[in-house]
Amino acid sequence: MRVLGGAEAVAGIKIFSHLKCVRFSAGLRAEIHRERSTLNAQRSTLNAQRSTLKGWVENGAEVGHVCGKEEEMTSKEYDLEERLLDYAAQVIRLAERLPQTRAGNHVASQLLRSGTSALPNHGEAQAAESRNDFIHKLSICLKELKESRRWLRLTQRVPLVDSPRALDDVLVETEELIRIFAASLRTARRRALSVER
């Protein structure tokens, strides 16, 4: 059995933190706890920035029992970066459909700025230099998503598109992303307070 080192233990936390049924050996659990308590804010906000479970097992790390759901878990990985990329693409396609009027151009320009900025700001959060920098970058993502929601609602209200109901999908995705970032910010702020104490 191979004992995981510091970086591997941290990666193990990222890989297996979403699985409720993983049982670690006592030594590995202690190593993960020790590493988790010393982590700084330079951690990923992706829930799926991880290799497959099969890759970990093949590399010789003893990770415990995974309840026989190896293939099912890896096929349902959740990747916030991909979701933000899809969202930005949706916003771009929508902005291209807006009319070439003064109002249409203005809204399209503002929507492009706010609707596409969550993706690069999320990347900035992943490379944060401190816990406060991480929180700041996440709050920018949240702020830009809330601004996008306002521009989308205005586009729907005027309406600047042929079918205002066509915006329902992008509005729903905007709301879900706002909830994700709001929850992430609450968690990051709570952890920052607990570290300060």
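The values are calculated or read from the model by the stated rules, or taken from the named source; none is laboratory data. Being a predicted model, the structure only gives us computed values, none of them experimental. For neighbour counting, all protein chains shown are included, and Cβ atoms are generated from backbone atoms with ideal geometry for every residue, glycine included.
Suppose the filter is surrounded by 14 or more Cβ atoms within 10 Å (Cβ to Cβ), at pLDDT 50 or above and either in contact with a Leu (Cβ under 7 Å, 6 or more places away or on another chain) or under 15 Å from residue 170 (Cα atoms) (or both); does residue 46 pass it? Give the derivation first.
Values: surrounded by 14 or more Cβ atoms within 10 Å (Cβ to Cβ): yes; at pLDDT 50 or above: no; either in contact with a Leu (Cβ under 7 Å, 6 or more places away or on another chain) or under 15 Å from residue 170 (Cα atoms) (or both): yes.
Against the criterion (surrounded by 14 or more Cβ atoms within 10 Å (Cβ to Cβ), at pLDDT 50 or above and either in contact with a Leu (Cβ under 7 Å, 6 or more places away or on another chain) or under 15 Å from residue 170 (Cα atoms) (or both)), residue 46 does not qualify.
Taken as a whole, segment 150-161 holds at least one residue that is under 16 Å from residue 117 (Cβ atoms) and out of contact with any helix residue (DSSP H, G or I) (no Cβ under 7 Å at 6 or more places or on another chain).
Look at segment 81-105: where a residue is over 25 Å from residue 125 (Cβ atoms) and a partner is crowded, with 18+ Cβ neighbours inside 10 Å, sitting 6+ places away or on another chain with Cβ atoms under 6 Å, you get 98/108; 98/160; 104/98; 104/160. For residue 130, the test of being within 26 Å of residue 192 (Cα to Cα), hydroxyl-bearing (Ser, Thr, Tyr) and out of contact with any Lys or Arg (no Cβ under 9 Å at 6 or more places or on another chain) is passed. Taken together, the criteria exclude residue 139 from residues that are among the polar types (S, T, N, Q), closer than 18 Å to residue 82 by Cα and out of contact with any Cys (no Cβ under 7 Å at 6 or more places or on another chain). If you take the residues of segment 95-105 that are closer than 12 Å to residue 159 by Cβ and part of a helix (DSSP H, G or I), which of them is farthest from the chain's Cα centre (by Cα)? Per the criteria, the residue is 103.
Of all residues being without any contact (Cβ under 8 Å) to a residue 12 or more places away in the chain and of a type in the set (A, V, I, L, M, F, W, C) in segment 164-183, which is surrounded by the most Cβ atoms within 10 Å (Cβ to Cβ)? Just the residue, please.
Here the answer is 166.
Scanning segment 106-134 for residues that are more than 22 Å from residue 79 (Cβ to Cβ), in contact (Cβ under 8 Å) with a residue 60 or more places away in the chain and assigned to a helix (DSSP H, G or I) gives 131, 132, 133.
Among the residues of segment 149-169, which ones are part of a loop (DSSP other than H, G, I, E, B) and closer than 17 Å to residue 105 by Cα? Please lay out each step first, then the result.
Our first condition is that a residue be part of a loop (DSSP other than H, G, I, E, B); within segment 149-169, this holds for 158-163.
Residues satisfying the conditions are 158, 159, 160, 161, 162.
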